[in-house]
Ligand SMILES: [Zn+2]
């Protein structure tokens with residue numbers, strides 16, 4: 001009897017411990033986190049385009065089966081690629097993470113710098129040396145991937161993939177195993193010696209397949225009958241479109257790309273198949289680097305660059321935009337099905353967002369009676385030159401004009417005894433008479449600017465003394481600092497700053513979040529899900545409604 005009771009107790013303990021084990025498993029962390037950035041996506045794209053998607057397994061899988069944060073805003077200016085990727089993965093803003101633009105004028109060195117340039121490293125995977133001299137050294141704070149690695153003595157694997165170098169290097173972070181990006185000269189996926197000495201054999205094998213030639217052979221054909229585009233988009237060909245890449249010829253569908261085979265590899269950036277190359281390379285990375293293969297969480301960051309080129313060239317209301325998103329949706333559906341099979345349905349967590357959105361092309365807006373115009377930085381620089389000359393001042397008082405930002409030459413100002421306030425007043429009074437200018441803000445005093453708090457904060461969050469200009473020229477709604485044709489982005493208006501945000505998979509509660517959330521909330525949300533430290537500069541709040 002005693003023995004029986006003892007064995008009963010033993011059995012009970014065993015069952016209880018097995019139960020506990022099982023509970024632990026259901027609470028276990030995802031084996032793989034996938035952070036997806038669509039380079040240039042408006043929040044309303046899924047609403048506008050979902051009726052034309054071929055299945056419910058791409059964007060709609062995230063919208064219907066995941067959590068959708070419908071009022072996610074970018075909390076800083078400039079709303080461009082590099083600061084966007086940095087903010088998503090650091091949870092921080094340019095004032096803290098340092099990435100104030102895709103490029104900037106460095107006030108300390110007096111030189112223009114590219115966000116991920118690093119002359120101390122070299123290319124691997126291509127003979128083109130300039131395309132690989134890249135690393136994350138200009139990013140000042142840690143990323144989700146860095147913190148994930150710190151949480152377990154660097155056992156997690158972290159990889160970044162994008163067509164754009166900055167779209168892969170910044171999200172992957174400082175301690176990444178590797179970041180891979182596309183070299184438009186060789187048509188290869190490449191990397192730099194910052195990460196490793198040479199390209200792994202599997203990546204070389206992938207490059208040897210020359211998939212880009214295959215994509216060029218396919219060309220760009222419409223996914224649906226042309227009547228769908230006629231009814232739901234602007235005209236196919238317009239004088240205000242930039243056209244296909246840098247070609248001045250306006251082209252109608254279908255786009256024949258066969259003449260590019262074997263040579264012009266940079267065109268891949270602006271055709272939908274650029275997205276196919278990214279997911280095909282991602283699958284190879286997952287398989288060969290064994291991502292999500294054990295209980296230690298890995299991170300894969302993917303940035304789809306093609307929508308940005310299509311948006312700039314043809315605008316967000318074009319046939320090309322609609323067709324590009326239909327095709328991107330198919331690529332995502334295929335990739336999600338692959339993840340279910342390879343990693344397992346309940347073993348991964350995914351988020352999808354955008355680095356920025358986009359304004360309508362001014363020509364399209366004007367045609368439809370909406371306020372719009374161009375005020376290009378090059379013209380702004382010319383206007384400032386003539387202002388200084390007419391006031392008998394040296395034009396060198398302005399060091400640089402970049403993306404509606406004016407950099408003062410403080411050394412020269414000191415020697416001529418011109419104060420910051422004097423130069424600010426002169427320029428503000430002059431520019432604020434121009435019909436396209438809303439107001440000019442001195443960035444150091446942005447907290448006092450006569451603007452809504454939200455906009456003041458965006459200006460403050462985007463400013464750092466070493467890399468930012470002294471004045472920001474705020475343009476009126478619809479006025480873009482772009483090209484003589486095409487669309488652009490970079491300012492505080494909602495057409496640039498309202499982005500999509502979806503979470504899906506392990507640990508995610510399905511539903512809608514209809515309060516305001518911010519791009520900087522993504523990193524702390526993922527940190528909370530994984531139980532790891534927030535990135536060093538993170539200023540966001542975890543979006544607790546999306547977590548189970
Ligand atoms: Zn862009």
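The values are calculated or read from the model by the stated rules, or taken from the named source; none is laboratory data. Since this is a predicted model, take the numbers as computed values, not measurements. With ideal geometry, Cβ positions are generated from the backbone for all residues, glycine too; neighbour counts draw on all protein chains shown.
Hey, does the stretch 337-348 have a residue that's outside any helix (DSSP H, G or I), surrounded by fewer than 22 Cβ atoms within 10 Å (Cβ to Cβ) and modelled with pLDDT under 95?
Within the stretch 337-348 (the criterion being outside any helix (DSSP H, G or I), surrounded by fewer than 22 Cβ atoms within 10 Å (Cβ to Cβ) and modelled with pLDDT under 95), the answer is yes, since at least one residue qualifies.
Among the residues of the stretch 485-504, is any farther than 30 Å from residue 311 by Cβ and modelled with pLDDT of 95 or more?
No: the stretch 485-504 contains no residue that is farther than 30 Å from residue 311 by Cβ and modelled with pLDDT of 95 or more.
Hey, could you check the stretch 313-335 for residues that are over 19 Å from residue 226 (Cα atoms) and crowded, with 21+ Cβ neighbours inside 10 Å and say which is nearest to the ligand (Cβ to nearest atom)?
313
The conditions are (1) within 20 Å of residue 542 (Cα to Cα); (2) free of Cβ contacts under 8 Å to residues at least 60 places away in the same chain, and residue 136 fails exactly one of them. Which is it?
For residue 136, the failing item is (1).
Among helices (runs of 4 or more DSSP H) lying entirely in the stretch 1-98, which contain 3 or more residues that are at pLDDT 95 or above?
45-49, 59-65, 81-90, 94-97
On the basis of being at pLDDT 95 or above, at positive phi and either buried (at least 21 other Cβ atoms within 10 Å of the Cβ) or not assigned by TED's automatic domain parsing to the domain that holds residue 520 (or both), does residue 385 make the cut?
no
Can you tell me which residue in the stretch 481-505 is nearest to residue 30 (Cα to Cα), limited to those that are surrounded by fewer than 22 Cβ atoms within 10 Å (Cβ to Cβ) and away from the ligand (no atom under 16 Å from the Cβ)?
Per the criteria, the residue is 494.
Applying the selection to the stretch 321-346, what residues are touching a residue at least 60 places away in the same chain (Cβ under 8 Å), farther than 20 Å from residue 64 by Cβ and touching a helix residue (DSSP H, G or I) at 6+ places or on another chain (Cβ under 9 Å)?
321, 322, 323, 327, 343
Can you tell me which residue is farthest from residue 91 (Cα to Cα) among those in the stretch 450-479 that are out of contact with any helix residue (DSSP H, G or I) (no Cβ under 7 Å at 6 or more places or on another chain) and part of a helix (DSSP H, G or I)?
Applying the filter and picking the extreme gives 453.
Where in the stretch 116-211 are there strands (runs of 3 or more DSSP E), lying fully within it, with 3 or more residues that are over 20 Å from the mean Cα position of the chain (by Cα) and in the same structural domain as residue 284 (by TED's automatic domain parsing)?
none
What about residue 465, is it closer than 29 Å to residue 315 by Cβ, more than 16 Å from the ligand (Cβ to nearest atom) and either outside the structural domain of residue 312 (by TED's automatic domain parsing) or exposed (fewer than 15 other Cβ atoms within 10 Å of the Cβ) (or both)?
no
Of all residues in the stretch 350-370, how many are closer than 27 Å to residue 72 by Cβ, within 27 Å of the chain's Cα centre (by Cα) and away from the ligand (no atom under 16 Å from the Cβ)?
Residues flagged as closer than 27 Å to residue 72 by Cβ, within 27 Å of the chain's Cα centre (by Cα) and away from the ligand (no atom under 16 Å from the Cβ) within the stretch 350-370 amount to 5.
Within the stretch 212-250, work out how many residues are in contact with a strand residue (DSSP E or B) (Cβ under 7 Å, 6 or more places away or on another chain), part of a loop (DSSP other than H, G, I, E, B) and at pLDDT 90 or above.
Residues meeting the conditions: 1.
Which condition from (1) touching a residue at least 60 places away in the same chain (Cβ under 8 Å); (2) more than 16 Å from the ligand (Cβ to nearest atom); (3) over 21 Å from residue 500 (Cβ atoms); (4) in contact with a strand residue (DSSP E or B) (Cβ under 7 Å, 6 or more places away or on another chain) is the one that residue 384 breaks?
(1)
Any idea how many residues of the stretch 528-548 are under 23 Å from residue 344 (Cβ atoms) and in contact (Cβ under 8 Å) with a residue 24 or more places away in the chain?
First pass over the stretch 528-548, keeping only residues under 23 Å from residue 344 (Cβ atoms): 528-532, 546-548.
Cutting the leftovers down to in contact (Cβ under 8 Å) with a residue 24 or more places away in the chain gives us 529-532, 546-548.
Residues flagged as under 23 Å from residue 344 (Cβ atoms) and in contact (Cβ under 8 Å) with a residue 24 or more places away in the chain within the stretch 528-548 amount to 7.
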